[in-house]
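Laboratory data are not the source of any read-out in this text; all were calculated from the coordinates shown. Keep in mind that this is a model prediction, so the values were computed, not measured. Glycine also receives a Cβ, built like all others from the backbone with ideal geometry; neighbour counts cover every protein chain displayed.
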Amino acid sequence: MFSSIFHEPTVILSTMNVWDVSPKEAVELQKRLRHEVLLTPLKQPPQHLGGCDVSMNRFAKEGFAGFVTMTYSELVVVDRTVIKDTIPFPYVPGLLSFREIPMLVKAWEKLATKPDVLVVDGIGIAHPRRLGIASHLGLVLGIPTIGCAKSVLIGTYDEPGTSAGSTSDLIDPKTGEVIGRALRTKDNVAPVFVSPGHLITLDESVGLLWSCVRKHRLPEPTRFAHNTVNEYRVKDQSD
């Protein structure tokens, strides 16, 4: 069912099975991998969407990573998985993917029903080197990804209108490039910041996320993923 819109990871990513790099090496790798990111239209509408999230303390040695898969039209959860694992990389702004993706990959391997498009709690190309966690994870998994962040890493934007559904472009002030979009998901509530990750366009990313908003500020895929991971974390720490 999913083969028609899945893509194989690029050859360069064979090195990404090894995450033991220094922050300096990680930056250089981001500069190389940014050229592998493709912002191309989806080949067909998704049947399943996924959400992922990671829960950890900044200085903790272990963290929790998980996914949910839900039907696109009804937003019903059909699969979920959470793992606990060692955090392999220090906290460095701009290098979140090296801290979280190794855990996410292990959780992905345990997810039986894979989504067609994955919504990531983080940024896509709205990153100084155009390789936020959503873009990096899309390359590693070889699937379309969308970044949905609660705050801006780089870029400027005009405040969108106060009504739900209002948007404004997120602009890189150095280049003038549109790197994302602020989306007001609820009336008079702070916007979320949407940026395409990989194998999807900005307009498609915003459209898909907007269609996944229900009663809450965050779209359902990342909201469910966040709740799932944190429920597991609370249970683990109480045992």
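Observations on the model:
- With one equal scatterer per alpha carbon and no solvent term, the Debye-computed log10 I(q)/I(0) for region 34-232 at 0.08 1/Å reads -0.23.
- The calculated 222 nm mean residue ellipticity attributable to helices in the chain amounts to -8500 deg cm²/dmol, summing -39500 (n - 2.57) over DSSP H runs of n ≥ 4 and dividing by all residues.
- Proxy reagent accessibility, fewest Cβ within 10 Å first, across Ser22, Ser168, Ser135, Ser97: Ser22, Ser168, Ser97, Ser135
- Using a simple spin-label model with pseudo-atoms 7 Å out from Cα toward Cβ, Glu62 and Glu109 lie 1.8 nm apart.
- Each of His198, His35, His136, His226 was scored by other Cβ atoms within 10 Å of its Cβ. Listed from fewest to most, they are His35, His226, His198, His136.
- Note on Tyr91 and Gln237: their simple-model spin labels are 1.3 nm apart, each label 7 Å out from Cα toward Cβ.
- Gained length - Asn188 relative to Ala164, 0.36 nm times residue gap less alpha-carbon distance: 7.9 nm
- For Glu231, Glu204, order by how many other beta-carbon atoms lie within 10 Å, fewest first: Glu231, Glu204
- Residue pairs exceeding 27 angstrom between C-alpha atoms, taken from Lys114/Lys174; Lys106/Lys215; Lys84/Lys150; Lys24/Lys106: Lys114/Lys174; Lys106/Lys215.
- Added length on full extension, which subtracts the Cα-Cα distance from 0.36 nm per residue, Ser211 to Asp20: 64.9 nm
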